[in-house]
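The values are calculated or read from the model by the stated rules, or taken from the named source; none is laboratory data. Small disclaimer: the values here were computed from a predicted structure and weren't measured. Note that we place each Cβ from the backbone using ideal geometry, even for glycine, and neighbour counts take in every protein chain shown. What goes into the accessible areas is simple: the full protein's heavy atoms, side chains included, and nothing from ligands, DNA or RNA. Shrake-Rupley method; radii C 1.70, N 1.55, O 1.52, S 1.80 Å.
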Amino acid sequence: MTRADCETLDIEDPLAAVRDRFTLPDGVIYLDGNSLGPLPTHVPERLRQVVEEQWGTDLIRSWNTHHWADLPYRVGDRIGRLVGAEAGSVAAADTTSVNVYKAIDAARWLRPDRRVIVTDSSNFPTDVYVMRGVADAAGLELRVVEPGHVLESIDGSVAVVALTQVDYRTGRRHDMGTITAAAHDAGAVVVWDLAHSVGAFPVALADVGADFAVGCGYKYLNGGPGAPAFIYVAPRHHAEFRNPITGWFGHAAPFEFSLEFVPAEGIARARVGTPHVLGLAALDAALDVFDDIDMGAVREKSLGLTDLFMDLIEAWVDEVSVVTPRNPERRGSQVSFRHAHAFPIVQALIARNVIGDFRTPDIARFGFAALYLRYVDVWDAAVAVREVVGSGEWRDPRHAVRSAVT
Ligand SMILES: *Cc1c(COP(=O)(O)O)cnc(C)c1O
């Protein structure tokens, strides 16, 4: 493999033209789209219209004339297409943490006679904190098992199995079909967090029979900082679904202003309060990028990019150990390696415009978004890693300075 081979792969890449739909700073190799997706080029103009023409001119009439109140469903269905959800089963709203709470609490109400919530120790902390809160409030046991031991931990006492499909640190991917089926066989309900899945590869929520799912709008969906998240509720649960936050937008008739809470039918019940119109408008516009994209092609390229990066790092950089599974079935769209000095290594890479991130205590993490990354970017990033690690460039004290957000 040479850099020229990478250039050939880029010329042959069926997704090559999609890169032009993003605004990427010159010279930057952006390997952090799994944390904050880049700006799709047309989003500022669309936001300007919403701000100036809708908010600025039409004012409160926009709720009806521009259908602001329907944004959570419109955007929800667009996300739903990417995760294999039935129409009318996804709402774009709130943050992922809040949606984890709604989904976990609603899930445990579907199995009121059972006492256990199962998750794994590689889950993202906010998910585990929220589950702990639900378990404490409801008097349930939270069983946190090793990721490889999820299947054997599911027994007849388990109400809810709640997992993040892709490990935010290592990129290890759970087998959603097998785990969902095993949980159902044991009579449990499953909640999937798709934070590192949605927009990165195809997901088939309806086909695997998932019960609930949540995910982020600002990672691979490129909805912008603090973009609204989403929640999926399988249609077969809509009638029984009990949203623990009984806000007025989840009411059957919010503008009747009745003091009695009557839950809305369908996915509307997953809503809480006033939709984040500006955030939803940005996310809605950002999703245009996916309109004519085949997620199978995205997956194929993502596997090509991640394979190449792992091959090069393993061939060139003895000092680090790749922790991402080589088996394509077992990984998401990121590559991570361990090094005792991962933090200053990532900082030194960022100083060279190769932007990845550090996850405590010793993980350097690189997200590969197939919509805008090229094979030459992978090559150049691997060269940068080889140089930064090999030369000891990371030892420069300025790379040891820690900011609040890593
Ligand atoms: C990024 C991420 C979150 C973020 O939650 P917020 O409420 O948006 O801050 C939650 N869970 C997982 C698994 C994530 O990867």
Next item on the list: With the checklist (1) surrounded by 19 or more Cβ atoms within 10 Å (Cβ to Cβ); (2) closer than 19 Å to residue 309 by Cα in hand, flag the one item residue 22 doesn't pass.
Entry: (2)
Notebook entry, point to check: Which one of these does residue 83 not meet: (1) over 23 Å from residue 180 (Cβ atoms); (2) open to solvent by less than 30 Å² (accessible area, probe 1.4 Å); (3) within 16 Å of the ligand (Cβ to nearest atom)?
Noted result: (1)
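Can you tell me which residue in the stretch 315-373 is farthest from residue 218 (Cα to Cα), limited to those that are among the polar types (S, T, N, Q) and open to solvent by 30 Å² or more (accessible area, probe 1.4 Å)?
That would be 321.
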Note to self: Given the criterion away from the ligand (no atom under 16 Å from the Cβ), in the same structural domain as residue 8 (by TED's automatic domain parsing) and touching a Pro at 6+ places or on another chain (Cβ under 7 Å), identify the matching residue among 269, 299.
What the structure shows: 299
Check: Taking the stated definitions as given, is residue 268 farther than 30 Å from residue 297 by Cβ, open to solvent by less than 10 Å² (accessible area, probe 1.4 Å) and not in a loop (DSSP other than H, G, I, E, B)?
Finding: no
Next item on the list: May I ask you to list pairs of residues, at least six apart or on different chains, whose Cβ atoms are under 7 Å apart, with the first in the stretch 351-368 being in a strand (DSSP E or B) and the second being of a type in the set (Val, Ile, Thr) and at pLDDT below 95?
Entry: 357/406; 358/406
Next item on the list: Can you give me the number of residues within the stretch 244-302 that are in contact (Cβ under 8 Å) with a residue 24 or more places away in the chain and of a type in the set (Ser, Thr, Tyr)?
Entry: 2
Next item on the list: Would you mind telling me which numbered condition in (1) surrounded by fewer than 24 Cβ atoms within 10 Å (Cβ to Cβ); (2) within 16 Å of the ligand (Cβ to nearest atom) residue 239 fails?
Entry: (2)
Notebook entry, point to check: Are any residues in the stretch 249-262 surrounded by 16 or more Cβ atoms within 10 Å (Cβ to Cβ) and in a helix (DSSP H, G or I), and if so, which ones?
Noted result: 249, 250, 254
